[in-house]
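The values are calculated or read from the model by the stated rules, or taken from the named source; none is laboratory data. Note that this is a predicted model, so its numbers are computed, not measured. Don't worry about glycine lacking a Cβ; one is built from the backbone with ideal geometry, like all the others, and counts go over all protein chains shown.
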Amino acid sequence: MSRRAAMTVILGLLTGAFVHAAAPVWVIDLDDVIGASSARYLSDSLEDASASDVPLVVLRIDTPGGWMDSTRDIVKDILASPVPVAAYVSPEGASATSAGTYIVYASHVAAMAPATTIGSATPVRGDGEAMEPSMERKVVNDAVAQMRGYAELRGRNIEWAEKTVREATNLTASEALELNVIDFVAADISGLLRVIDGVTLATKIGSVTLATDESEYEVVTNTWFEHSSLKTLLDTLGDSLWWVIGIVLVIGEVVLPGTFLIWFAFAAFGVGLIGLMFEMSGMNQVVVFSLLSFASLSLGYLMRKRRGDPEEPAFADRTLAYMGKTYTVVEAIENGQGKIQVGDSVWLAEGENADCPVGGSVKVIDSRGNVLVVEVVPPEENASN
């Protein structure tokens, strides 16, 4: 180490004044329905921002709303964040509707671009149906308490916070600024960083004074999140998720017959039906799916036992029960490959010189994994059977 570098280290230790390049401000987009994937995305991003010594995270919001549980999770992460969070409704024409309003109110800085709106924070059911009156009162009063708490914490308009929940009122950017619902109006990110320069904020680790006038900013994109099937399943499909799972399981049963996937499919369809009638958290949905799967498998076992079907051995040994037995072809065996009906399942079948039309009979003589090796049963032998 050079003498100059050594002196720099010593002075830094004595004064705590190491000079380093400031990390850029992070800009994170919340521009879709607020759901479980949004909450996880933001949680991971705030954690990464803290580890990277980011001075400020700007949430660029344009959302029609979303799920209350996920909104609560996002708010908790903002309140616990050591990095200040500025909620910025942008670009022009954007809105922080419903769930977005809660996030704006809870953030350390609240700002909007011109020609944007905020409000309509009244909770509604996920399926759009009206809630039972007593339940609606409980949900609305709980939401009001949340918004009032955020308003008190950030010094924002408490009366309007309650009004937007009870009456679904909305404000433009200029109206929100005049009523102390937000702190600033800025045309773009650079303008926002200029107007909040020098503002002192209370964070989880103490007071922080922003120095953002000449700060650079970086738009952070979670590539995995933006392009993952998880985002599509959780946010786009919503209540349809379990129906999709059920359909996939049915397809799996057709491809891999005899694997009991059909009974899990029935359980998934059951969760989908219940979800149409009641709002359930993700954990409750998993619990219901587990219970219905157990019930469905038990029903399947009882049905097989009542019909006198042979006990199903483990998959590796299951085909032993089929050896030497005759079954009906349900998909013509051509070029040595087709499908046969075995109990209530359809199995892949193959065999040399075993071509057989639909309705014909074949005998199982061997197996290769989940494929049964068969031979054609002569008509005279089939007649005698």
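Identify, from the list V244, V287, V271, the residue that is within 27 Å of G65 (Cβ to Cβ), touching a Leu at 6+ places or on another chain (Cβ under 8 Å), surrounded by fewer than 16 Cβ atoms within 10 Å (Cβ to Cβ) and modelled with pLDDT of 75 or more.
Only one candidate passes the filter, namely V244.
Only one of these conditions is not met by V250: (1) at pLDDT below 75; (2) part of a helix (DSSP H, G or I); (3) over 30 Å from V124 (Cα atoms). Which number is it?
It is condition (1) that V250 fails.
Please determine whether any residue of the range 175-186 is out of contact with any strand residue (DSSP E or B) (no Cβ under 7 Å at 6 or more places or on another chain) and in contact (Cβ under 8 Å) with a residue 40 or more places away in the chain.
Looking through the range 175-186, none of the residues is out of contact with any strand residue (DSSP E or B) (no Cβ under 7 Å at 6 or more places or on another chain) and in contact (Cβ under 8 Å) with a residue 40 or more places away in the chain.
Can you go through D77, D62 and tell me which one is touching an Asp or Glu at 6+ places or on another chain (Cβ under 9 Å), at pLDDT 95 or above and over 16 Å from A186 (Cα atoms)?
The unique qualifying residue is D77.
Can you pull out the residues in the range 187-203 that are exposed (fewer than 15 other Cβ atoms within 10 Å of the Cβ), assigned to a loop (DSSP other than H, G, I, E, B) and in contact (Cβ under 8 Å) with a residue 24 or more places away in the chain?
Listed by number, the residues that qualify are A187, D188.
Taking strands (runs of 3 or more DSSP E) that fall entirely within the range 338-377, which contain at least 1 residues that are under 15 Å from A321 (Cα atoms), touching a Pro at 6+ places or on another chain (Cβ under 6 Å) and touching a residue at least 60 places away in the same chain (Cβ under 8 Å)?
Correct list: 345-350.
List every residue pair whose Cβ atoms sit under 9 Å apart, with the two residues 6 or more apart in sequence or on different chains, where the first one lies in the range 61-80 and is among the charged types (D, E, K, R) and the second, anywhere, is crowded, with 20+ Cβ neighbours inside 10 Å and part of a loop (DSSP other than H, G, I, E, B).
Between residues of the range 61-80 that are among the charged types (D, E, K, R) and residues that are crowded, with 20+ Cβ neighbours inside 10 Å and part of a loop (DSSP other than H, G, I, E, B), the close pairs are D62/S90; D62/A94; D62/T116.
Tell me, yes or no, whether the range 50-65 has at least one residue that is out of contact with any Leu (no Cβ under 8 Å at 6 or more places or on another chain) and crowded, with 24+ Cβ neighbours inside 10 Å.
So far as the range 50-65 goes, no, none of its residues is out of contact with any Leu (no Cβ under 8 Å at 6 or more places or on another chain) and crowded, with 24+ Cβ neighbours inside 10 Å.
Check off (1) surrounded by fewer than 19 Cβ atoms within 10 Å (Cβ to Cβ); (2) in contact with a helix residue (DSSP H, G or I) (Cβ under 9 Å, 6 or more places away or on another chain) for G93 and give me the number that stays unchecked.
G93 satisfies every listed condition except (2).
Considering only residues of the range 8-59 that are modelled with pLDDT under 85 and closer than 20 Å to V199 by Cβ, which is nearest to the chain's Cα centre (by Cα)?
By that ranking, first place goes to A23.
Just to be sure I understand, how many residues within the range 182-232 are modelled with pLDDT under 90 and more than 20 Å from Y150 (Cα to Cα)?
So the answer is 20.
Given (1) in a helix (DSSP H, G or I); (2) over 23 Å from F264 (Cβ atoms); (3) at pLDDT 85 or above, where does V329 come up short, assuming only one miss?
Looking at each condition in turn, V329 falls short on (1).
Every residue in the range 158-212 that is under 32 Å from the mean Cα position of the chain (by Cα) and either on the phi > 0 side of the Ramachandran plot or among the polar types (S, T, N, Q) (or both), please.
T164, A168, T169, N170, T172, S190, T203, listed by residue number.
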